[in-house]
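Structure first, commentary second.
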Amino acid sequence: MNAKELDINQTLDHVAQSLNAILESRNIQNPIMIGIHTGGVWVAQQLHQRLKLNEPLGTLDISFYRDDFTRVGINPQVQPSTLPLSVDDRHIILVDDVLYTGRTIRAAFNELFDYGRPASIMLAVLVERDGRELPIQADAVGQHVALEAGEQIKLQGPEPLTLTTTQA
């Protein structure tokens, strides 16, 4: 499937259903959902509503945790991370828009562990694509998207959420 064929609402519903099944099977109640800036926060806002979670939504900006920080410098739109609750011994649902190399998720793990030691971390993504460089896999995936060599996929939003593919 390519980005043009992706129904965002249906894909969000699929991720929410997958997360509900995981939470039920693991008997997890009151997880903390955390979105990764920027697209992951937009997806997390939608999932947070669909799952009717009680705990406030947290956000992470992993700019200072990226492994290419010294090469690309500071993102001009760095946002503060906000975790309204302690992550110690809590079950976390980490949300991102696109899972590609796995490096963004690795950076998010590093930042989360600087805040404490979660009981568990589940990863939910709207879109997964080929090209993993690190052994990271999502627990809940909306869609797998096949892209041509040199193509990139980007979530735009927040209203409406749309996916676009471009040549890198």
- Based on the alpha-carbon gyration tensor of the stretch 103-159 and its eigenvalue square roots a ≥ b ≥ c, which shape applies: rounded if a/c is under 1.5, prolate if not and a/b is larger than b/c, or oblate? prolate
- Query: For the pair ILE136 and GLU148, how long in nm is the line joining their label points, each one 7 Å along Cα→Cβ?
  - Reply: 2.8 nm
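Report the FRET efficiency, 1/(1 + (r/R0)^6), for THR101 and GLN10, where r is their Cβ-Cβ distance and R0 is 35 Å, rounded to 0.05.
0.85
By the scheme Lys and Arg +1, Asp and Glu -1, what is the net charge of all other residues having a beta-carbon under 13 Å from that of PRO31?
-1
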- Item | the chain: Cα Rg divided by the 2.2 N^0.38 Å rule of thumb | 0.99
- Task: Report the label-to-label distance for PHE113 and GLN17 in nanometres (one decimal), using points 7 Å from each Cα along the Cα→Cβ vector.
- Result: 3.5 nm
- Message: As a test of the formula, what do you get for the chain when each DSSP H run with n ≥ 4 contributes -39,500 (n - 2.57) and the sum is divided by the residue count, at 222 nm and rounded to the nearest 500 deg cm²/dmol?
- Response: -9000 deg cm²/dmol
- Nitroxide proxy distance, nm - points 7 Å out along Cα→Cβ at THR165 and SER25: 3.0 nm
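Every read-out reported here was derived from the displayed coordinates using simple, explicitly stated rules and does not represent laboratory data. Everything quoted here is computed from the prediction, not taken from an experiment. Heads up, the Cβs are rebuilt from the backbone with ideal geometry, glycines too, and the neighbour counts pull from every protein chain shown.
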